[in-house]
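These notes concern the structure reproduced below.
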Amino acid sequence: MKEKGHVIPGANQTMVVSGAAGACGSLAGQIGRFFGCSRIIGICGTNEKCSVLTSDFGFDAALNYKKARLADKLRECCPSGVDVYFDNVGGEISDLVISQMAKNSNIIVCGQISQYNTDFAYPPPIPAQTAAILKERNITREISVVFDYVDHFEMAIEQLGEWVRTGKLKVKETITHRIENTAGAFLSMLKGGNIGKQIVRITG
């Protein structure tokens with residue numbers, strides 16, 4: 001968030017998170033707020049998830065990408081453009097968000113779930129029109145790999161743990177029971193069946 005999102009306290013930045021109701025997205029939106037973003041918009045795939053994002057995770061607005069007029073609704077939520085985009089999905093949703101990004105804005109590429117079943121290498125290529133927008137508006141787009149930050153793990157665990165213990169950071173889990181249901185839980189997660197982290201509990 002700090003190094004690749006370039007979140008600046010007091011800069012009145014708007015952040016958009018795709019895949020916002022999942023394990024990464026739900027935390028990213030909250031942490032973006034902690035670090036100084038003034039407005040957080042989530043994109044997800046059900047009305048239930050939209051409700052959870054705004055009522056439980058503190059997002060300012062949430063948009064169901066399966067509903068009509070997504071581009072118009074995103075523009076209404078981000079009248080000055082998008083300053084920080086936390087990208088979990090790639091594909092058409094990300095192209096749409098990028099088309100509405102402000103000059104000198106920043107993209108954190110956490111995942112590209114819409115592209116995982118394609119034959120492209122990771123990260124998958126982006127359309128020429130989207131690449132042109134990145135260049136014309138001087139938008140940075142950097143891939144975030146957790147193992148690039150091994151030296152920060154201890155500090156991060158301490159900080160995240162404190163936020164969870166004090167109730168500042170809200171965490172949700174979708175729990176499936178019994179190890180034989182692991183494959184089904186994984187497939188459900190890929191289809192957006194989870195809210196928060198998908199867990200398989202094998203005992204208890």
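The values are calculated or read from the model by the stated rules, or taken from the named source; none is laboratory data. Since the structure is predicted, the reported quantities are computational estimates derived from the model, not experimental observations. Ideal geometry is used to build each Cβ from the backbone, glycine not excepted, and the neighbour counts take in all protein chains shown.
In the set (1) part of a helix (DSSP H, G or I); (2) of a type in the set (G, A, S); (3) surrounded by 20 or more Cβ atoms within 10 Å (Cβ to Cβ), A62 fails one condition alone, (1). Residue pairs whose Cβ atoms lie under 9 Å apart, separated by 6 or more positions or on different chains, with the first residue in segment 9-37 and free of Cβ contacts under 8 Å to residues at least 40 places away in the same chain and the second in a helix (DSSP H, G or I) and not charged (D, E, K, R), are P9/F35. Here segment 137-180 is the region considered, the condition is being modelled with pLDDT under 95, of a type in the set (D, E, K, R) and under 22 Å from the mean Cα position of the chain (by Cα), and the residue that is farthest from A20 (Cα to Cα) is D148. Selection of segment 149-183 for residues being touching a residue at least 24 places away in the same chain (Cβ under 8 Å) and either surrounded by fewer than 11 Cβ atoms within 10 Å (Cβ to Cβ) or of a type in the set (K, R) (or both) yields K168, K170, K172, R178. The number of residues in segment 9-30 that are within 14 Å of V82 (Cα to Cα), surrounded by fewer than 24 Cβ atoms within 10 Å (Cβ to Cβ) and among the hydrophobic types (A, V, I, L, M, F, W, C) comes to 1. Contact annotation: residue pairs with Cβ atoms under 7 Å, 6 or more positions apart or on different chains, pairing a residue in segment 57-85 that is of a type in the set (A, V, I, L, M) with a partner that is surrounded by 14 or more Cβ atoms within 10 Å (Cβ to Cβ) and assigned to a loop (DSSP other than H, G, I, E, B), are A62/A20; L74/Q100; V82/Q100; V84/G5; V84/V7; V84/Q13; V84/C37.
When you check G32 against the structure, is it in a helix (DSSP H, G or I), of a type in the set (G, A, S) and out of contact with any Leu (no Cβ under 7 Å at 6 or more places or on another chain), yes or no? Here the answer is yes, as G32 does meet what is asked. Being surrounded by 14 or more Cβ atoms within 10 Å (Cβ to Cβ) and in contact with a Cys (Cβ under 8 Å, 6 or more places away or on another chain) is not true of G196.
With a requirement of 2 or more residues that are more than 20 Å from A28 (Cβ to Cβ), the strands (runs of 3 or more DSSP E) lying completely within segment 85-204 that satisfy it span 101-109, 173-177, 197-201.
All of G42, G91, G25 fail the test of being on the phi > 0 side of the Ramachandran plot and either within 16 Å of the chain's Cα centre (by Cα) or at pLDDT below 95 (or both), apart from G91.
Of the listed requirements (1) loosely packed, with under 15 Cβ neighbours inside 10 Å; (2) modelled with pLDDT of 95 or more; (3) more than 29 Å from P9 (Cβ to Cβ), P123 misses just one: (2).
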